[in-house]
Ligand SMILES: Nc1ncnc2c1ncn2[C@@H]1O[C@H](COP(=O)(O)OP(=O)(O)OP(=O)(O)O)[C@@H](O)[C@H]1O
Ligand SMILES: [Mg+2]
């Protein structure tokens, strides 16, 4: 079974067809990156895979369940238990504390927060002295790290991350890559991350290029950012 498998996915906004017969699969326990120019439909696909947007056609299986067949309510429950989503625009509750934001999905699910997990995430993400700050009082990079902690809190089977390092400096971005690699290795969370950064893409095992509404190519990254840049330029020249 694949961690994620999309087939025949079509999505249009008005007359603009963003995804056309789009197919993508992420290996079980895989760490994979999705790259493509701005406006190519990367966020659209992540929102579809998270059950936050409705497809016009096609199927998207996440951990074996077809999210396109779920009601909003079922999709919300499924996300809380199985999927960690890091949104490009963070989607934090601005008047709530960092702690409340990170624990929100777990609490909505009626579960008791795993305090050791919380402590370890805020520690590794450099948020330990911010947990009582309101998220609106944080910098963009701090908010991004809160969004990452929230997505990882419940040990999701699948992480869908939309440019998780887009607001971070190179060192912090490297830290996020290390964290994702470690969780991928130790907890077997499958990860699909959208990124414009070849260094982030190279921490993934495979990279997919989105072009004209579908995946034009998939490559092993071999952990080599220069290789990713070269392949990207070849695909999008
Ligand atoms: N709700 C919407 N209504 C109409 N058009 C939309 C909507 N959301 C996205 N689009 C359009 O669909 C296309 C794909 O958007 P999407 O956000 O998926 O791109 P992206 O690949 O994530 O880009 P970026 O790298 O800039 O984040 C864009 O042309 C965008 O303008
Ligand atoms: Mg986007």
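All of the numbers you see were taken from the coordinates with simple rules; none came from a lab. All figures in this text were calculated on a predicted structure; none of them were measured in a lab. Neighbour counts run over all protein chains shown; Cβ positions are idealised from the backbone, glycine included.
Taking the Cβ of each residue in 11, 237 as the centre, tally the other Cβ atoms inside 10 Å and list the residues starting with the fewest.
Least to most surrounded, the residues fall as 237, 11.
Per the Kirkwood definition applied to all pairs of different Cα atoms, how many angstroms is the hydrodynamic radius of segment 78-157?
Mean inverse Cα-Cα distance, inverted, gives 12.3 Å.
In Å and on Cα atoms, what radius of gyration and Dmax does the chain show?
17.0, 50
Could you state the angle between the C-alpha long axis of helix 98-108 and the longest principal axis of the C-alpha atoms of the chain, as a value from 0 to 90 degrees rounded to the nearest 10?
Value to nearest ten degrees: 70.
How long are the semi-axes of the equivalent ellipsoid of segment 150-237, defined as square roots of 5 times the Cα gyration tensor eigenvalues? Whole Å, largest first.
The three semi-axes for segment 150-237 are 22, 15, 12 Å.
In whole Å, what are the extents of segment 7-75 along the principal axes defined by its C-alpha atoms, from largest to smallest?
Computed over the Cα atoms, the extents are 32, 28, 18 Å.
Taking the alpha carbon gyration tensor of segment 126-166, what are the square roots of 5 times its eigenvalues, largest first, to the nearest whole Å?
19, 13, 7
Relative to the first principal axis of the alpha-carbon coordinates of the chain, what is the inclination of helix 170-186, with its axis defined by its Cα atoms, in degrees from 0 to 90 and to the nearest 10?
Once rounded, one gets 90 degrees.
Can you tell me the 0 to 90 degree angle between the C-alpha axis of helix 140-152 and the longest principal axis of the chain, rounded to 10?
90 degrees
Would you order 59, 136 from fewest to most other beta-carbon atoms within 10 Å of each residue's own beta-carbon?
Going from sparsest to densest Cβ surroundings: 136, 59.
Counting just the Cα atoms, what span does segment 72-124 cover along each of its three principal axes? Round to the nearest Å and put the largest first.
For segment 72-124, the Cα extents along the three principal axes come out at 33, 25, 19 Å.
Take the Cα radius of gyration of segment 1-115 and divide it by 2.2 N^0.38 Å, with N its residue count; two decimals is plenty.
1.15
Placing one identical point scatterer on every Cα of segment 90-230 and ignoring solvent, what is log10 I(q)/I(0) from the Debye formula at q = 0.09, 0.15, 0.16, 0.19 Å⁻¹?
For segment 90-230 at q = 0.09, 0.15, 0.16, 0.19 Å⁻¹, log10 I(q)/I(0) is -0.29, -0.76, -0.85, -1.12.
Counting helices only, and only those DSSP H runs with n ≥ 4, report the 222 nm mean residue ellipticity of the chain as the sum of -39,500 (n - 2.57) divided by its residues, in deg cm²/dmol to the nearest 500.
Result for the chain: -11000 deg cm²/dmol, rounded to the nearest 500.
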